[in-house]
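Taking it in order: structure first as structure tokens, then the write-up.
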Amino acid sequence: MMDPDMESKEDKRKMPKIAKVKNKMPAPVQITAEQLLREAKERELELVPPPPKQKISDPDELQAYRLRQRKMFEDNIRKNRGMMTNWIKYAAWEESQKEIQRARSVHERALDVDHRNITVWLKYAEMEMRCRQINHARNIWDRAVTVLPRANQFWYKYTYMEEMLGNIAGCRQVFERWMEWEPEEQAWHSYINFELRYKELDRARMIYERFVIVHPEVKNWIKYAKFEEKNSYINSARSIYERAVEYFGEDNMDEKLIIAFAKFEEGQKEHERARVIYKYALDHLPKEKCQEIYKNYTIHEKKFGSRAAIEDVIVSKRRFQYEEEVKTNPLNYDAWFDYLRLLEADGNVEQIRDTYERAIANIPPSQDKRFWRRYIYLWINYALYEELETEDEEKTRQVYKACLDIIPHKKFTFAKIWLLFAQFELRHKNLQNARKVMGVAIGKCPKNKLFRGYIDMELQLREFERCRVLYEKFLEFGSENCTTWMKYAELETILGDVDRSRAVFELAISQTKLDMPEVLWKAYIDFEIEQEEYNNTRNLYRRLLQRTKHVKVWISFAQFEKSTGDPEALKKTRAIYQEAVSSLKSSEEKEERLMILESWQAFEAECGDEESQKKVEKLLPQKVKKRRKIQTDDGTDAGWEEYYDYIFPDETTAQPNLKLLAMAKKWKQTQEQTADDENDSQDVMETGSD
């Protein structure tokens with residue numbers, strides 16, 4: 001028996017000691033589960049054991065292993081010879097086994113399969129370089145650049161290898177072979193940098209000379225000149241700039257070349273030369289190409305000359321000319337535009353505003369719109385200047401309002417002013433003001449352009465109910481405008497309300513006066529076809545044929561029936577063609593009858609049989625040439641003219657004419673035969689007398 005005191009001591013010894021937490025407040029830095037996982041990964045707490053290594057103990061086992069591996073590689077190649085990764089892995093494995101000759105053989109076999117694969121060539125050459133087989137590597141690079149001379153990787157690696165080996169002459173020779181192919185610019189730069197690394201400035205200069213001929217871009221001439229300048233050949237650099245200016249000429253001159261030339265002279269303290277270069281460019285280059293030149297010229301003069309002199313010579317002279325022009329003819333708005341453009345470039349806000357006010361004070365004397373078309377752009381430019389340059393929102397609003405107060409809206413208006421004003425308010429997030437402007441515009445002077453602009457604005461805001469109301473107002477203003485009807489129906493179609501769209505089309509075609517009814521009917525028919533409502537489409541064609549019997553309607557109807565995919569489509573199409581031919585019999589336009597028959601004939605040639613084709617051919621007319629008298633406007637005879645007429649088989653009145661034509665043709669043939677017989681007999685008599 002165990003003493004109970006001993007048991008209690010053992011229990012006390014086994015019980016773990018519980019730590020008492022004195023501070024139960026949360027720690028200032030909390031640790032997340034993500035942080036715990038990251039720390040476990042960094043400390044590699046869960047290491048996965050590597051796979052067991054295979055140890056080969058004797059030569060026979062090694063040979064068996066190699067045989068298995070080679071068989072596996074050969075099987076992979078046999079399955080897909082064109083997959084170059086299999087060849088590359090095979091060659092790499094042979095190289096790892098120190099079987100260099102076998103690796104070469106694999107590479108050669110791979111090149112036999114695909115000699116244009118760049119990766120195979122690279123791996124082959126790199127293997128030879130790793131094995132220090134330099135001549136082999138050279139041989140491979142030579143073959144590679146011969147087969148693929150446009151693959152720049154080969155040339156780069158070939159030249160790099162020769163340079164690393166210290167074979168400078170060989171590297172230069174490779175570069176020369178490369179340059180014969182006139183490669184991209186980077187290749188020339190590599191050659192130049194190679195020569196510069198060995199202080200061969202003359203050779204680099206010769207390469208630059210060839211480079212600017214092969215790649216005659218402005219930037220390359222500038223690089224050539226900077227190369228000479230960097231090496232302190234100042235006269236040579238100046239000569240290169242002069243040659244570049246002469247090479248490009250005035251027609252192809254680039255402002256970058258002029259600026260670089262001038263900055264070069266500036267760097268050599270030749271400020272007068274730089275000034276002459278800038279002036280030459282400003283005199284000979286188009287004005288649109290001189291912006292940067294003028295800017296750099298101004299900076300140059302700020303540094304080394306008198307800016308006031310430039311302003312006096314250029315700006316003041318032009319300003320004086322424009323002042324004289326606008327004084328002579330204040331209504332010469334083009335002169336005002338040029339003058340304001342000059343002042344805006346100068347940037348004096350008060351002077352620009354004063355000039356704008358003087359310009360817009362010259363209101364055209366006549367209230368004819370064509371005299372206002374140039375004038376109104378003064379207001380537009382003024383408003384845009386205030387909005388974009390001075391960023392004065394209130395002043396811009398005042399300009400627009402003053403412009404709208406001047407325009408005589410009862411006689412004409414300018415929709416662009418209203419639209420620009422509304423767009424200005426939108427840009428400044430004043431939607432109510434924009435709507436108010438457009439509402440006043442439509443109320444004062446409703447125009448198609450105003451309605452369309454207002455509708456486009458509401459469409460962009462996704463206010464479709466407002467668009468509907470505007471379309472209704474638009475149609476009240478001009479119900480004959482077919483484009484408006486179609487746009488309204490298109491809007492309803494986009495919104496998915498097909499019934500409303502159909503109702504809009506029905507209202508449109510019921511109008512007594514339309515500007516383009518044929519376009520409207522076509523849009524309605526296309527709408528029904530798009531909805532695959534073929535019965536509605538047929539009804540529309542019937543209703544249209546009640547209004548017009550035009551041949552194009554019949555042809556369109558027939559083509560529609562053909563395209564429906566109905567099993568009875570061909571039969572219905574023939575019925576329409578027959579109905580069209582019967583309907584056009586009474587028409588005096590024979591060309592229309594011919595058009596419908598030709599369309600029918602083309603249909604039968606595509607979808608019919610021989611019997612149906614012959615049936616149509618019997619209906620085709622005969623083309624005959626006729627003569628008729630020409631009379632002038634005063635009734636006197638002006639001679640005869642020939643024209644072509646068509647005689648259809650079913651025209652009974654033309655039957656005697658056809659018989660007469662046939663008899664005349666027969667008589668003509670008889671006369672020609674008789675004349676030939678007489679000529680033959682006369683020839684026989686002449687030979688007998690001889």
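The values are calculated or read from the model by the stated rules, or taken from the named source; none is laboratory data. None of these values were measured; they are calculated from a predicted model. Cβ atoms come from the backbone with ideal geometry, glycine included; neighbour counts cover every protein chain shown. In case anyone asks, the SASA skips ligands and DNA or RNA and just uses the protein heavy atoms, side chains included. Shrake-Rupley method; radii C 1.70, N 1.55, O 1.52, S 1.80 Å.
Observations on the model:
- For the stretch 97-121, a residue qualifies if it is open to solvent by less than 40 Å² (accessible area, probe 1.4 Å) and under 17 Å from Gly82 (Cα atoms), and the qualifying residues are Val106, His107, Ala110, Leu111, Asn117, Val120, Trp121.
- Matching residues, the stretch 250-267, being touching a helix residue (DSSP H, G or I) at 6+ places or on another chain (Cβ under 6 Å) and under 19 Å from Lys223 (Cα atoms): Asp254, Glu255, Lys256, Leu257, Ile258, Ile259, Ala260, Phe261, Ala262, Glu265, Glu266
- Pair list, Cβ under 8 Å, 6 or more apart: the stretch 246-274 residue hydroxyl-bearing (Ser, Thr, Tyr), other residue surrounded by 15 or more Cβ atoms within 10 Å (Cβ to Cβ): Tyr247/Trp221
- Looking across the stretch 347-363, the residues that are open to solvent by 70 Å² or more (accessible area, probe 1.4 Å) and under 12 Å from Tyr382 (Cα atoms) come down to Asp354, Glu357, Arg358.
Rundown of residues vs (1) modelled with pLDDT under 70; (2) open to solvent by less than 70 Å² (accessible area, probe 1.4 Å), yes/no style:
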residue	(1), (2)
Leu475	yes, yes
Thr483	no, yes
Met486	no, yes
Glu490	no, no
Val498	no, yes
Ala503	no, yes
Gln511	no, yes
Ala523	no, yes
Glu528	no, yes
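- Scanning the stretch 322-346 for residues that are loosely packed, with under 14 Cβ neighbours inside 10 Å and either touching a residue at least 40 places away in the same chain (Cβ under 8 Å) or farther than 13 Å from Tyr382 by Cα (or both) returns Glu323, Glu324, Lys327, Thr328, Asn329, Asp334, Ala345, Asp346.
- Residue that is modelled with pLDDT of 80 or more, more than 30 Å from Ala345 (Cβ to Cβ) and open to solvent by 60 Å² or more (accessible area, probe 1.4 Å), where the choices are Arg238, Arg243: Arg243
- Test: residue in the stretch 6-17 that is farther than 30 Å from Phe154 by Cα, among the hydrophobic types (A, V, I, L, M, F, W, C) and either in contact with a strand residue (DSSP E or B) (Cβ under 9 Å, 6 or more places away or on another chain) or modelled with pLDDT of 85 or more (or both): no
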